[in-house]
1. What does the extension gain come out to for residue 16 and residue 153, with contour length at 0.36 nm per residue minus their alpha carbon separation?
2. For a test of the definition: using alpha carbon positions, the gyration tensor, and the 1.5 limit on a/c, classify region 117-179 as rounded, prolate or oblate.
3. Take the Cβ-Cβ distance between residue 198 and residue 114 as r, set R0 to 25 Å, and report the resulting FRET efficiency rounded to the nearest 0.05.
4. If I model a spin label as a point 7 Å beyond the Cα along the Cα-Cβ vector, how far apart are those points for residue 35 and residue 63 in nm?
5. Pairs of alpha-carbon atoms within less than 8 angstrom and 6+ residues apart define the contacts here; what relative contact order does the chain have, in percent?
6. Using label points projected 7 Å from each Cα along Cα→Cβ, tell me how many nm separate residue 209 and residue 165, to one decimal.
7. Assuming a ≥ b ≥ c are the square roots of the Cα gyration tensor eigenvalues, decide whether region 75-220 counts as rounded (a/c under 1.5), prolate (otherwise, with a/b larger than b/c) or oblate.
8. What is the calculated FRET efficiency for residue 123 to residue 55, with r their C-beta to C-beta distance and R₀ = 22 Å, to the nearest 0.05?
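Derivation of every value follows stated rules applied to the coordinates shown; laboratory data play no part. Remember, predicted model here, so these are calculated numbers, not experimental data. Heads up, the Cβs are rebuilt from the backbone with ideal geometry, glycines too, and the neighbour counts pull from every protein chain shown.
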């Protein structure tokens, strides 16, 4: 499925889930997501992140509603706990494969969603800079150790130097884009034209219709 269609489908489901106070629906979405993760064959580290990331915000919502909520606070506590897991597991269906589909997603945003090419290229730059930033932080820490200083992750000096490097890289990137003929707001041609296939729309429609059927008892 085209990543933009996948993103839109997940966002619609997540938006509707906001208005549904059902533990059952949340658990069904988590189970379906888990089955899809098995099909995608994610590794054990990704499974671990999927389990650990929702625990803190989920338990925070559960305790706050369980002990300080009013009305039907017990039910709402479990709704919020399972909803956090449903949100994160749904989002993982998009983000865990985004590395493989990143270029296609950004190209679709520019060509089919008509997003500003300046914004799209800025996203490309940010995503491509992430490995360089990680490497630069390692370099800064090693350089500091050679001078007898140890910079831990909580030291602001470490991030200040990394920000200065990022500013220099962004300036170089802007100059490079201009030298290659990039003009903000100008109409652009594309080496690869993205076409959203008909079966992508069909799959997205089937998923959304099935979800509406699942929600029917909760809307009325």
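1. Values: separation 137, 0.36 × 137 = 49.32 nm, distance 3.88 nm.
My answer for the length gained is 45.4 nm.
2. Values: a/c = 3.15, a/b = 2.51, b/c = 1.26.
Taking the square roots of the gyration eigenvalues as a ≥ b ≥ c, region 117-179 is prolate.
3. Values: r = 20 Å, r/R0 = 0.81.
The pair residue 198/residue 114 has a calculated efficiency of 0.80.
4. 3.5 nm
5. Details: 133 pairs, mean separation 66.1, N = 220.
Taking the mean separation of contacting Cα pairs over the length of the chain, I get 30 percent.
6. Calculated label separation equals 5.3 nm.
7. Numbers: a/c = 3.35, a/b = 1.36, b/c = 2.46.
Taking the square roots of the gyration eigenvalues as a ≥ b ≥ c, region 75-220 is oblate.
8. Numbers: r = 30 Å, r/R0 = 1.36.
The value I calculate is 0.15.
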